[in-house]
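What follows is a single structure, written as structure tokens, with notes after it.
The values are calculated or read from the model by the stated rules, or taken from the named source; none is laboratory data. Owing to the predicted nature of the structure, the values given are computational and were not obtained by experimental measurement. No Cβ is skipped: glycine too gets one built from the backbone with ideal geometry, and neighbour counts run over all protein chains shown.
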Amino acid sequence: MRERLSLWAVFCLIVAFLPSQTESVAVMSVDLGSEWMKIAIVKPGVPMEIALNKESRRKTPVAVCLKENERLFGDSALGVAVKNPKVVYRFLQSILGKTADNPQVAQYQKHFPEHQLQRDEKRGTVFFKFSEDSQYTPEELLGMILNYSRGLAQDFAEQPIKDAVITVPAYFNQAERRAVLQAAHIAGLKVLQLINDNTAVALNYGVFRRKDINSTAQNIMFYDMGSGSTTATIVMYQTVKTKESGTQPQLQIRGVGFDRTLGGFEMELRLRDHLAKLFNEQKKSKKDVRENLRAMAKLLKEAQRLKTVLSANAEHMAQIEGLMDDIDFKAKVTRSEFEALCEDLFDRVPGPVKEALAAAEMNMDEIDQVILVGGSTRVPKVQDVLLKAVGKEELSKNINADEAAAMGAVYQAAALSKAFKVKPFLVRDAAVFPIQVEFSRETEEEDGVKTVKHNKRILFQRMAPYPQRKVITFNRYMDDFVFYINYGDLSFLSEQDLKVFGSQNLTTVKLSGVGSSFKKHSEAESKGIKAHFNMDESGVLILDRVESVFETIVEEKEEESTLTKLGNTISSLFGGGSSDPTANVTEPVTGETDAEKAEKPEEKSDGEKAEEKEEDKKPKPQKKSKISEDITVELEVNDVLDPSTEDMEVLQDLTDRDLEKQEREKTLNSLEAFIFETQDKLYQDEYQAVVTEEEKEQITGKLSEASNWMDEEGYTAGTKELKEKLSELKKLCKAMFFRVEERKKWPDRLAALNSMLNHSSIFLKSARLIPESDQIFTEVELKTLERVINETMTWKNETVAEQDKLSPTEKPVLLSKDIEAKLSLLDREVNYLLNKAKFAKPKPKDKAKDKNTTTTENSKANSTEEAEKVIPPKTEEVKPAEEPPTVEKKDEEPILELNPAENTDTENHKGDEL
């Protein structure tokens, strides 16, 4: 609680509403782990906050349960996993963007043998066979989970949300990142960015320590061991100067090391198998518990609990009621036994640290501190081994290991959204895997033999910062050709990691239209075929465009006099003028990488140089211009194909079915509640007083009939039928409810009306006592107020008298809405006169008359004393005081606020600082 309060204090928000309140301005983040996800939001009035799920928990299991007629998510899905593990899908992150022959797919099948994983012949990936008619890809299942996370965020924010930042592991390659983007697209989310999880953690750490960051570089290692994997990231913090916003703090990723399969889940599987062995050794059953999927699911759940308890205790008793064949299981497990089971896993703990240091070309002496992230770093043995490996005095635990990534990602979401303005914090992420361009061309040797030369050009080196744009120039091609985009040198990966990595070939790029562009611009000088690449904020490589660029020389006309220019301009207005010779001109491209070095021009002879000198004496104005011609690009994906549009439409049908189910359940609950509550109300005094015996008998009969129908047919009825039944009952009881509600409202409404009448009458009397010389109200205004008071008084007395004559069972004539209307009319008239008095200018007094006042006039003055108390006369006009100048305090600038640039009415909505 103290940490949340400090976050609120540091992370102050200035609220300024946008012009249209119907548009969604909230943004969200999803820290998408292998086992858990954390969701955070930012909305007007609410800075960074973790969104609670339906169980009021701050993290939600990444799980989906598919039944024939419904879907369950999160904790509800895990509840079913123990009873029927076949219909619950979890830990999908490890098989995203993987082909069927990938070792991690085989590992997943080993961990979850209850699922039917089959090969997709078209894409080469896998899908889950749910039934003979239903099958789902990992992207579709993850899309369902992301759609559920969006629903949780919208419920918490109480408004629609479309924009999101999603965390992914830093080691995700291009295919895996595209798979997450496809899942988000299925969920209807607009992904502002895929951010690496440790980068999000580093951003969260830096945002709240801005004052500690200066021009001196600070190197911090974040060691993140989660449920499915482990990542070590070296981050450098320092301030840098920018053209846009001056000196700002920046984080730069220097090195990344990882282990894809080292995490808490593997430890839990070891414990599960150990518990299964202990149960079999007790020989309470002749069956092998490992062959019972339901029993193994129960053991896995107990192993997860046991791992957490053993982090704080030396031993604990594992126990499960009715594990198999109604046989209870109970066994003691010690921490030393657990550590012995996972000894080989603990030996792998230093691996990511060494890889990160090698990638950053640093040593541990240059690292200021090591900060623990992720739930599995709470295991004591992990901390002991890591502390020994890094050689530090202690490991830092000064961030929220569970929520830091979600909070950092939502800060980035606010920074990328147009609805918010945040204090700049520059993020320079790094590409873990190098990418290069490869191409081949024929070359002719001196002996006339033609050979094919294979060329490679690095596009993004290992740990190259992104987002970044690159241009590759091909100088020696004059006809259509093909080049390839592949991963670069991956020798830093182990043999097993290379197998898990998948295809090292990304895309085959086929260009057409190169030859025709040369024919079209045969007289121009070729500047090569330029391919424009962009590695965006999500770390996804995109080939923006390919163009053929030429350079021409355009002779410039000699400088004309102003009179000549004016004449030419006038003539052009009457149909003259010439075509623009620089049409389709492009600006020179900077930061290019030549795919092949252009040949050097031959040296010119001395005679040619002399001629040039003669010509230099009479220089002709020349101008070089560039012409670009777009080249048609055909891309052939070589790693993992994207799913087709038809595959993505499956989720919408399931979502519609879920919404229909939710609507039916809501209507069913409303009908049940209405029947029971109304039956109870008929025995209450206030309801019995307003219904006749005949009406009561009719309502009671209909409610009993509806209750019996609910027991027999109602639970299988459709939404439409349930709504019709509810509408029929509400219509029957409408008059009774109306009479009760009106009788409840009368006392307060009549008391308010009487009070308004009294105050209005006193105000009118006071206004009439003002002497004529100081009177600010006209007779028409006072008579209007008097008429409204009298009419209201008469209406109230007559209507109340008429209502007293009626029976409580009859329709009332005294209505609360009529009382409110009378109140509103009277209040409006009085407020009009009060506002007039507030802004009226006092009439100036005659000074000569004041000097010759007699005692008689003094006595008259006494008689007007009461009037002067109402509106005292003023001798001079009081000018409004000037507003004091506001002083800006730069040190107290808000970190996050709604973007004032988007607000067209900021003068009226300046907001309050929290």
Across region 742-773, the tally of residues that are free of Cβ contacts under 8 Å to residues at least 60 places away in the same chain and either charged (D, E, K, R) or surrounded by 14 or more Cβ atoms within 10 Å (Cβ to Cβ) (or both) stands at 7
Selection over region 160-175 where residues are surrounded by fewer than 20 Cβ atoms within 10 Å (Cβ to Cβ) and either of a type in the set (D, E, K, R) or on the phi > 0 side of the Ramachandran plot (or both) yields a count of 1
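Among the residues of region 355-402 satisfying the criterion of being acidic (Asp, Glu) and touching a Gly at 6+ places or on another chain (Cβ under 7 Å), which is modelled with the lowest pLDDT?
Asp402
Let's see how each residue does on (1) under 30 Å from Ala415 (Cβ atoms); (2) at pLDDT 95 or above; (3) in contact with a Lys or Arg (Cβ under 6 Å, 6 or more places away or on another chain); (4) surrounded by fewer than 16 Cβ atoms within 10 Å (Cβ to Cβ):
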| position | (1), (2), (3), (4) |
| --- | --- |
| Pro44 | yes, no, no, no |
| Met48 | yes, no, no, no |
| Arg57 | yes, no, no, yes |
| Cys65 | no, no, no, no |
| Phe73 | yes, no, no, no |
| Ala81 | no, no, no, no |
Q) Is it the case that Lys98 is assigned by TED's automatic domain parsing to the domain that holds Ser417, under 26 Å from Phe172 (Cα atoms), more than 29 Å from the chain's Cα centre (by Cα) and in a loop (DSSP other than H, G, I, E, B)? A) no
If you go through Phe91, Phe112, Phe130, the only one that is on the phi > 0 side of the Ramachandran plot and among the aromatic types (Phe, Trp, Tyr) is Phe91
Per the filter on region 254-290, residues part of a helix (DSSP H, G or I) and in contact with a Gly (Cβ under 7 Å, 6 or more places away or on another chain) are Gly264, Phe265
Q. Do we find a residue being assigned to a strand (DSSP E or B), in the same structural domain as Arg270 (by TED's automatic domain parsing) and exposed (fewer than 13 other Cβ atoms within 10 Å of the Cβ) anywhere in region 300-315?
A. no
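For (1) at positive phi; (2) among the hydroxyl-bearing types (Ser, Thr, Tyr); (3) touching a helix residue (DSSP H, G or I) at 6+ places or on another chain (Cβ under 9 Å), each residue gets a yes or a no:
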{"position": "Pro352", "(1), (2), (3)": "no, no, no"}
{"position": "Glu355", "(1), (2), (3)": "no, no, no"}
{"position": "Glu361", "(1), (2), (3)": "yes, no, no"}
{"position": "Asp365", "(1), (2), (3)": "no, no, no"}
{"position": "Gln369", "(1), (2), (3)": "no, no, no"}
{"position": "Leu372", "(1), (2), (3)": "no, no, yes"}
{"position": "Ser376", "(1), (2), (3)": "no, yes, yes"}
{"position": "Pro380", "(1), (2), (3)": "no, no, yes"}
{"position": "Asp384", "(1), (2), (3)": "no, no, yes"}
Within region 693-735, residues surrounded by 13 or more Cβ atoms within 10 Å (Cβ to Cβ) and either touching a strand residue (DSSP E or B) at 6+ places or on another chain (Cβ under 9 Å) or polar (S, T, N, Q) (or both) come out as Gln698, Thr700, Ser707, Thr719
Given (1) closer than 19 Å to His111 by Cα; (2) within 36 Å of the chain's Cα centre (by Cα), Val349 misses just (1)
Looking across region 83-120 at residues that are surrounded by 15 or more Cβ atoms within 10 Å (Cβ to Cβ) and of a type in the set (A, V, I, L, M), the single one that is farthest from Ile320 (Cα to Cα) is Ala100
Checklist entry - Is there a residue in region 444-462 that is of a type in the set (A, V, I, L, M, F, W, C), buried (at least 20 other Cβ atoms within 10 Å of the Cβ) and not assigned by TED's automatic domain parsing to the domain that holds Ala51? => result yes
The strands (runs of 3 or more DSSP E) lying entirely within region 465-554 that contain at least 1 residues which are more than 42 Å from the chain's Cα centre (by Cα) are 525-535
Taking region 75-128 and keeping only residues that are β-branched (Val, Ile, Thr) and in contact with an Asp or Glu (Cβ under 7 Å, 6 or more places away or on another chain), one is left with Val126
Of Val333, Val240, the only residue that is in contact (Cβ under 8 Å) with a residue 60 or more places away in the chain, under 34 Å from the mean Cα position of the chain (by Cα), outside any loop (DSSP other than H, G, I, E, B) and farther than 30 Å from Gln496 by Cα is Val240
(1) charged (D, E, K, R); (2) assigned by TED's automatic domain parsing to the domain that holds Val546; (3) in a loop (DSSP other than H, G, I, E, B) all hold for Glu438 apart from (3)
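Each row is one residue, and each column tells you yes or no for (1) touching a residue at least 60 places away in the same chain (Cβ under 8 Å); (2) under 30 Å from Val165 (Cα atoms); (3) of a type in the set (Phe, Trp, Tyr); (4) out of contact with any Leu (no Cβ under 6 Å at 6 or more places or on another chain).
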residue	(1), (2), (3), (4)
Lys418	yes, yes, no, yes
Val422	yes, yes, no, no
Asp429	yes, yes, no, yes
Phe433	yes, yes, yes, yes
Thr443	no, no, no, yes
Val449	no, no, no, yes
Arg457	yes, no, no, yes
Does region 411-434 contain any residue that is of a type in the set (Lys, Arg), more than 30 Å from Arg58 (Cα to Cα) and assigned by TED's automatic domain parsing to the domain that holds Val27? no
